[in-house]
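Read the structure below first, then the notes.
The values are calculated or read from the model by the stated rules, or taken from the named source; none is laboratory data. From a predicted model like this one, the values you see are computed outputs, not experimental measurements. All Cβ positions, glycine included, derive from the backbone under ideal geometry; neighbour counts span all protein chains shown.
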Amino acid sequence: IPPSVALVIYAVTVEASIIQMFQAAIIPGIIAVIFFMGVIAIQVRLNPSLAPIPEPMPAAERKEALLRLIPVMVIFGSIILGLGAGLFTPTPAAGVGVFAILVYGAYMRWKGKGGLSWEGLRKSLKDTAVTSSMIFFILLGAEILKGFFSRANLPAYMAEAAASSGLDPWLIMVLMLLALILLGCFMESLSMIVVVIPFFWPALVDINGGDWATAATAAYGMGAEDLKIWFGILALIVVELGLITPPVGLNVFIINALAKGVPMSETFRGVMPFFAAEIVRILILIFIPILTLFVPSVLGG
């Protein structure tokens, strides 16, 4: 699970169930897959050279590839099903996944089919230590900054200013999401989430009618608990969307580094159809909140 995903879930939902957040992401995730498949299909139809017909894979090679895929599907499926069923939360799920991979890697090594080597294990532990240190330093800096802002009463001031601005609540929601997309052009997602979301969330709660607002009286037509889940999914999508927007789309830089010899401008042009599809998906989720809230309401009811 990417750190940014876990932190969005924690920072935005506060007391909302993490399991509900994973459940709420199911339908938006399916919509994303359908839209991306549509974008690819349209581009290939317009320019068949983007997807040339490959040489047929020999039957023996195809069988071997499928057999090697089965353990990965079993491990991944077990973790996702465990999260969805509430057997464990993301942190224990990560531990289960690591243990399963270690067992599988050791088994493949014992069979003489590659598997996990001591050098690979050492490198994995080193990379984990570096990444964990980075995350904790970011969290430390964010906590210090949030403490300073709290003493300055900035979150309460922003919430009061937004509530008294006279703007339509839905327009304020859209402006917040646009701000997250723009910030994603210049900030790393993890830093942005832990610094910005704590200021947006109190404003939304105040606009919606407070912590005890009901669906009948709330500005967004839902109580505070549903608002946490709905806004959490929207924030997650737009934060990650900001990572593919120019001029500083961090994910695009990574993709371009892997595609040797491809100009950066061409890489940005390549992601723009997917960016447009994501904008459409965000609009759909904004105006049809039930797509986000349906699964948690059914499984949690």
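For the range 203-234, the set of residues classified as at pLDDT 80 or above, in contact with a helix residue (DSSP H, G or I) (Cβ under 6 Å, 6 or more places away or on another chain) and not hydrophobic (A, V, I, L, M, F, W, C) consists of ASP206, ASN208, TYR220, ASP226, LYS228, GLY232, listed by residue number. For the condition part of a loop (DSSP other than H, G, I, E, B), small (Gly, Ala, Ser) and more than 25 Å from PHE294 (Cβ to Cβ), GLY221 does not qualify. Confirm whether PHE36 is farther than 21 Å from ARG281 by Cβ, surrounded by 10 or more Cβ atoms within 10 Å (Cβ to Cβ) and of a type in the set (Phe, Trp, Tyr). No; evaluated as a whole, the condition is false for this residue.
For beta carbons closer than 7 Å, sequence separation of 6+ or different chains, a first residue in the range 206-220 that is farther than 13 Å from PRO169 by Cα and a second that is exposed (fewer than 11 other Cβ atoms within 10 Å of the Cβ), there are no qualifying pairs. Among residues of the range 97-119 that are closer than 16 Å to ARG68 by Cβ, those with a Cβ under 8 angstrom from a residue that is surrounded by 13 or more Cβ atoms within 10 Å (Cβ to Cβ) and charged (D, E, K, R), sequence gap 6+ or separate chain, pair up as GLY115/ARG109; LEU116/ARG109. State all residues of the range 260-296 that are touching a helix residue (DSSP H, G or I) at 6+ places or on another chain (Cβ under 7 Å) and of a type in the set (Gly, Ala, Ser); if no residue qualifies, say none. Answer for the range 260-296, where residues must be touching a helix residue (DSSP H, G or I) at 6+ places or on another chain (Cβ under 7 Å) and of a type in the set (Gly, Ala, Ser): just ALA277.
Of PRO71, PRO56, all but one fail to be modelled with pLDDT under 85 and of a type outside the set (Phe, Trp, Tyr); the exception is PRO56. Only residues that are at pLDDT below 80 and surrounded by fewer than 10 Cβ atoms within 10 Å (Cβ to Cβ) were counted across the range 111-133, and they come to 3. Which one is modelled with the highest pLDDT, of the residues in the range 157-188 that are more than 26 Å from the chain's Cα centre (by Cα) and loosely packed, with under 15 Cβ neighbours inside 10 Å? My answer is ASP168.
Considering every residue within the range 259-281, establish whether at least one is under 26 Å from LEU171 (Cα atoms) and outside any helix (DSSP H, G or I). Taking every residue of the range 259-281 in turn, none turns out to be under 26 Å from LEU171 (Cα atoms) and outside any helix (DSSP H, G or I). Is there a residue being loosely packed, with under 14 Cβ neighbours inside 10 Å, free of Cβ contacts under 8 Å to residues at least 60 places away in the same chain, over 21 Å from the mean Cα position of the chain (by Cα) and assigned to a helix (DSSP H, G or I) anywhere in the range 49-58? Yes, the range 49-58 contains a residue that is loosely packed, with under 14 Cβ neighbours inside 10 Å, free of Cβ contacts under 8 Å to residues at least 60 places away in the same chain, over 21 Å from the mean Cα position of the chain (by Cα) and assigned to a helix (DSSP H, G or I).
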